[in-house]
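**Student:** Here it is: the structure, laid out below.
The values are calculated or read from the model by the stated rules, or taken from the named source; none is laboratory data. Bear in mind the structure is a predicted one, so any value in this text is a computation, not a measurement. With ideal geometry, Cβ positions are generated from the backbone for all residues, glycine too; neighbour counts draw on all protein chains shown. All accessible areas refer to the heavy atoms of the entire protein, side chains included, with ligands and DNA or RNA removed. Shrake-Rupley method; radii C 1.70, N 1.55, O 1.52, S 1.80 Å.
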Amino acid sequence: MSAPSLMAVTILLVHGGFVDGSGWSGVYKNLKHDGYNVSVVQNPTLSLADDVAVVKRAIAAQSGPVLLVGHSYGGVVITEAGTDPKVVGLVYIAAFAPDKGESVSSLIKDPPPGAPVPPILPPQDGFLFLDAAKFRASFAADVDAKTAAFMANSQAPWGVDALGGSITEPAWKSKPSYYLVASDDRMIPPPAQRGMAQRAGSTLTEVAGSHAVYVSQPKAVAEFIDRAAREIAAKTS
């Protein structure tokens, strides 16, 4: 693809649990500066089916090809929604990349020995929150204190049904995928990230960052997304 046709690709940024799309602000600004069409999906994180439907509506609204980017639980959403014919590839940012029949619940059921345990509070009316006092240490250790405090105190409720939603057909089996491992992640253990990336056959890179690496290091994340867009474009031109 030539540069103009490359920039015709729309990048859809899909957030994970406990947060909303505002965390993508820095990545969005970097990608827009590079000339991309970018849209941030505000999935409600009530159930996987609802979130996939929201992403599919966003895909349908685009006039050209789409590159899906998912952080954390957003990786599950793009794995299910990414089979849409408009989708040319997937980018996982410290994300779950489940196989057929898997869900967040099944992937976190047996954590490796010594892995950090996310400070998830008991469900309230079917929704989960992180302990706000422990949010920064577990989710956003490399984010400045004020921003991390805002993230902790503006959490979006994460539906238990969303965690239990399982994949019917993983898009990474038919679409090229890229995976950025956050090597200091205390929510999804880095070895689990590497394992999912290798299983998916993803092009892999690592950044020394927390689970919120997309907030703390937006330039590095945007550069990885740009690399994915360019390499996929070159292969499909």
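**Student:** Farthest toward the dipole's positive end in segment 51-184, which of 69, 107, 145, given Cβ charges of +1 (Lys, Arg) and -1 (Asp, Glu) about the Cα centre?
**Tutor:** Final value for the positive-end residue is 69.
**Student:** Would you mind counting up the charge near residue 185? Only other residues with Cβ under 12 Å from its Cβ, with Lys and Arg at +1 and Asp and Glu at -1.
**Tutor:** Details: positive: 186, 194; negative: 142, 184, 206.
Overall, the nearby charge balance is -1.
**Student:** Next question, about the same structure. Taking a probe of 1.4 angstrom, what is the accessible area of residue 55 in Å², to the nearest 10?
**Tutor:** Counting only protein heavy atoms, residue 55 exposes about 0 Å² to solvent.
**Student:** Can you compute the charge dipole magnitude of the chain about its Cα centre, using +1 on each Lys and Arg Cβ and -1 on each Asp and Glu Cβ, nothing else charged? Give it in debye, rounded to the nearest 20.
**Tutor:** Computed charge dipole of the chain: roughly 460 debye.
**Student:** Continuing with this model, one more query. Comparing 217, 62, 124, which has the greatest mean-square fluctuation in the GNM of the chain with Cα pairs linked when under 10 Å apart?
**Tutor:** 124
**Student:** For a test of understanding, tell me how many lysine pairs in the chain have Cα atoms under 18 Å apart, given they are 8 or more places apart or on different chains.
**Tutor:** The number of close lysine pairs in the chain is 13.
**Student:** Next up: Based on DSSP, what percent of beta bridges with both residues in the chain are antiparallel, to the nearest 5?
**Tutor:** Antiparallel bridges: around 15 percent, rounded to the nearest 5.
**Student:** For the chain, find the longest principal axis of its Cα atoms and tell me its angle to the long axis of helix 48-60, 0 to 90°, nearest 10.
**Tutor:** 20 degrees
**Student:** Would you be so kind as to identify which of 33, 49, 14 lies farthest towards the positive end of the dipole of segment 1-74, taking Lys and Arg as +1 and Asp and Glu as -1 on Cβ and the Cα centre as origin?
**Tutor:** Among 33, 49, 14, the one farthest towards the positive end of the dipole of segment 1-74 is 33.
**Student:** With charges only on Cβ, +1 for K and R and -1 for D and E, what is the dipole size of segment 178-233 about its Cα centre, in debye, rounded to 20? Before the final figure, lay out each step's value.
**Tutor:** Values: 6 positive and 6 negative charges, 21 e Å.
With only Lys, Arg, Asp and Glu charged at Cβ, the dipole is about 100 debye.
**Student:** Further question on the same structure: Summing +1 for each Lys or Arg and -1 for each Asp or Glu, what net charge is found among the other residues whose Cβ lies under 12 Å from the Cβ of residue 119?
**Tutor:** Numbers: positive: 134, 136, 186; negative: 131.
Residues near residue 119 contribute +2 overall.
**Student:** Assuming 0.36 nm per residue, please report the length gained on full extension of the stretch residue 166 to residue 33 beyond their Cα-Cα distance.
**Tutor:** Between residue 166 and residue 33, full extension yields an extra 44.3 nm.
**Student:** Starting from the Cα of residue 83, step 7 Å along the direction of its Cβ; do the same at residue 146; then give the gap between the two resulting points in nm.
**Tutor:** 4.7 nm
**Student:** Obtain the nm distance between the two label points defined at residue 137 and residue 183 by a simple spin-label model: each point lies 7 Å from its Cα along the Cα-to-C-beta direction.
**Tutor:** About 2.4 nm separates the two model spin labels.
**Student:** What list of ³J(HN,Hα) values in whole Hz, one per residue of segment 86-101 in order, does the Karplus curve 6.51 cos²θ - 1.76 cosθ + 1.60 (θ = phi - 60°) give from phi, with Gly and Pro shown as x?
**Tutor:** 6, 7, 9, x, 10, 10, 9, 10, 6, 10, 6, 10, x, 9, 4, x
**Student:** In the Gaussian network model of the chain, springs joining C-alpha atoms below 10 Å, which of 184, 226, 34 carries the largest mean-square fluctuation?
**Tutor:** Highest fluctuation among the options: 34.
**Student:** May I pose another question? Rounding to the nearest 10 and keeping the result within 0 to 90°, find how far the Cα-based axis of helix 190-200 lies from the longest principal axis of the chain.
**Tutor:** It is inclined by approximately 40 degrees.
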